[in-house]
Amino acid sequence: MSKKMLSIVISVYNEEDVLKLFLKTIQEALKKMQEKQFDIWDYELIFVNDGSQDTSERILDEFAQKDTSIKVVHFSRNFGHEAAMIAGIDRAMGDFIICMDADLQNPPEEIPRMIAQYELGYDVILMARKENKDAGFRKNMTSKLFYGVFNAVSSVKFEQSVSDFFGISQTVAKILRSRYREVNRYLRGYIQNIGFQRVILEYKAKERVGGHSKYSFHKLFNVALDALTCFSKTPLRAGLYVGGISGVLSIGLLLYYGISYWIHKEGNGMILLCFFLFLFFTVLFLVLGIMGEYIGVLLEEVKDRPIYIVREERNQEEEFIDEKEVERTRGEKSN
Ligand code: UDP
Ligand code: MG
């Protein structure tokens, strides 16, 4: 039987403190796995260095030098965790692809369980955190708040505790490679939204083995905004709802003003005028604000900036060719 290939994508941003331990742990876990039940699985590790400023680059290059099953991609600067995962998925040759963090919060011991699900025929294996000691109260609360708001306004519902730890089949990866190339994107959402057979496994998130979390509140907030604009049009409609309510209100006020004028034979026009002014300005600015948000997204898409720019790569299969390029040359040939 021909061997199957497992690709593991690891995003790395200033992880010099944990990289060596990560590699040791994952290689041990994979070796154990091959010895026990999954001897027909080969693996490759794809480290995507998301513009680290520390010595991560050097450490990764050393890894690649010693072991050709380790591929390394260096970004030209920090493009964010999502871009790093996408770059890894783009390069993954495996039948099954797992994305995980470099800090060992996503335990490598879970990999056999994920492969077992893949072998059962699942294309998307989502890993849901049972508890996250390291995240702390603030992050857990913000995550709750985000998913609460998100699921309330979006037609697509997301699982709350699903993390950036997931497995996808090559089929799903191919779709992610050719479609879903938006600059304003939410990968976690795509894989929950892409369809196919999907399963959610629970796992116990561990504490970070070293270094510190790279997700500042600011970054998290941006991820949340991206997710919203990516998947929900409800905010766009909020203007309409508010407009409708204010319309009803203004008719009511007009009636009230008319009736009181009819009874008292005079009305306080100034107050009425001010009220209307404030009311309409509020509505106007609300609608404008929301439109601005979406126009911002449109603008980004129109600009069509690359999701990532690779500076250099190590141990990369030579056949790795840009899919678009392949399509283009195919078109030329048939013409
Ligand atoms: N990461 C990345 N680019 C970034 C921020 C983070 O590639 O801009 C990587 C980081 O090195 C780690 C993973 O994404 O492997 C998750 O980040 P982190 O552990 O800091 O997030 P947390 O677990 O606290 O949510
Ligand atoms: Mg982490």
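The values are calculated or read from the model by the stated rules, or taken from the named source; none is laboratory data. Keep in mind that what you see is a predicted model, and the values were worked out from it rather than measured. Here Cβ is always computed from backbone atoms with ideal geometry, including for glycine, and neighbour counts include all displayed protein chains. The area values use the complete protein model at the heavy-atom level, side chains included, leaving out ligands, DNA and RNA. Shrake-Rupley method; radii C 1.70, N 1.55, O 1.52, S 1.80 Å.
When you check Lys36 against the structure, is it without any contact (Cβ under 8 Å) to a residue 12 or more places away in the chain, charged (D, E, K, R) and either away from ligand 2 (no atom under 16 Å from the Cβ) or within 25 Å of Ser213 (Cβ to Cβ) (or both), yes or no? Against the criterion (without any contact (Cβ under 8 Å) to a residue 12 or more places away in the chain, charged (D, E, K, R) and either away from ligand 2 (no atom under 16 Å from the Cβ) or within 25 Å of Ser213 (Cβ to Cβ) (or both)), Lys36 does not qualify. So is Ser213 in contact with a Phe, Trp or Tyr (Cβ under 8 Å, 6 or more places away or on another chain) and among the small types (Gly, Ala, Ser) or not? Against the criterion (in contact with a Phe, Trp or Tyr (Cβ under 8 Å, 6 or more places away or on another chain) and among the small types (Gly, Ala, Ser)), Ser213 does not qualify. Residue count for segment 83-109, restricted to those that are open to solvent by less than 30 Å² (accessible area, probe 1.4 Å), assigned to a helix (DSSP H, G or I) and either within 16 Å of ligand 2 (Cβ to nearest atom) or not basic (Lys, Arg) (or both): 9. Look at segment 135-149: where a residue is open to solvent by 40 Å² or more (accessible area, probe 1.4 Å) and a partner is at pLDDT below 75 and within 15 Å of ligand 1 (Cβ to nearest atom), sitting 6+ places away or on another chain with Cβ atoms under 8 Å, you get Lys139/Asn132; Asn140/Asn132.
Filtered by the rule that a residue be crowded, with 19+ Cβ neighbours inside 10 Å and under 18 Å from Asp61 (Cβ atoms), segment 27-50 gives Glu44, Leu45, Ile46, Phe47, Val48, Asn49, Asp50. Note on segment 211-236: among residues that are within 16 Å of ligand 1 (Cβ to nearest atom) and of a type in the set (Lys, Arg), the one that is farthest from Lys130 (Cα to Cα) is Lys219. Collect the residues in segment 196-210 that are within 13 Å of ligand 1 (Cβ to nearest atom) and either in contact with a Phe, Trp or Tyr (Cβ under 9 Å, 6 or more places away or on another chain) or of a type in the set (A, V, I, L, M, F, W, C) (or both), keeping them in residue-number order. Residues satisfying the conditions are Ala205, Val209. Scanning segment 121-130 for residues that are exposed (fewer than 14 other Cβ atoms within 10 Å of the Cβ) and either within 16 Å of ligand 1 (Cβ to nearest atom) or at pLDDT 95 or above (or both) yields one hit, Lys130.
Apart from one condition, Lys133 fits all of (1) more than 23 Å from Arg208 (Cα to Cα); (2) at pLDDT below 80; (3) basic (Lys, Arg); the exception is (1). In segment 243-280, the residue that is modelled with the highest pLDDT out of those that are open to solvent by less than 40 Å² (accessible area, probe 1.4 Å) and polar (S, T, N, Q) is Ser260.
Conditions (1) within 13 Å of ligand 1 (Cβ to nearest atom); (2) touching a Cys at 6+ places or on another chain (Cβ under 8 Å), marked per residue:
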site: Asp17; (1), (2): yes, no
site: Ala29; (1), (2): no, no
site: Ile40; (1), (2): no, no
site: Gly51; (1), (2): yes, no
site: Leu60; (1), (2): yes, no
site: His74; (1), (2): yes, no
site: Asn78; (1), (2): yes, no
site: Ile89; (1), (2): no, yes
site: Gly94; (1), (2): no, no
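Looking at segment 48-82 only, could you name the residues that are of a type in the set (D, E, K, R) and either over 24 Å from Glu182 (Cα atoms) or not in a helix (DSSP H, G or I) (or both)? Listed by number, the residues that qualify are Asp50, Asp54, Glu57, Arg58, Asp61, Glu62, Lys66, Asp67, Lys71, Arg77.
Taking Ala87, is it of a type outside the set (S, T, N, Q), touching a residue at least 40 places away in the same chain (Cβ under 8 Å) and under 22 Å from Leu19 (Cβ atoms)? Yes; evaluated as a whole, the condition is true for this residue. Of the listed requirements (1) open to solvent by less than 50 Å² (accessible area, probe 1.4 Å); (2) away from ligand 2 (no atom under 16 Å from the Cβ); (3) of a type outside the set (A, V, I, L, M), Glu15 misses just one: (2). Taking the criterion of being at negative phi, part of a loop (DSSP other than H, G, I, E, B) and among the aromatic types (Phe, Trp, Tyr), the only residue of segment 187-246 that qualifies is Tyr215. The conditions of being more than 29 Å from Asp39 (Cα to Cα), open to solvent by 30 Å² or more (accessible area, probe 1.4 Å) and without any contact (Cβ under 8 Å) to a residue 24 or more places away in the chain are met by Tyr180.
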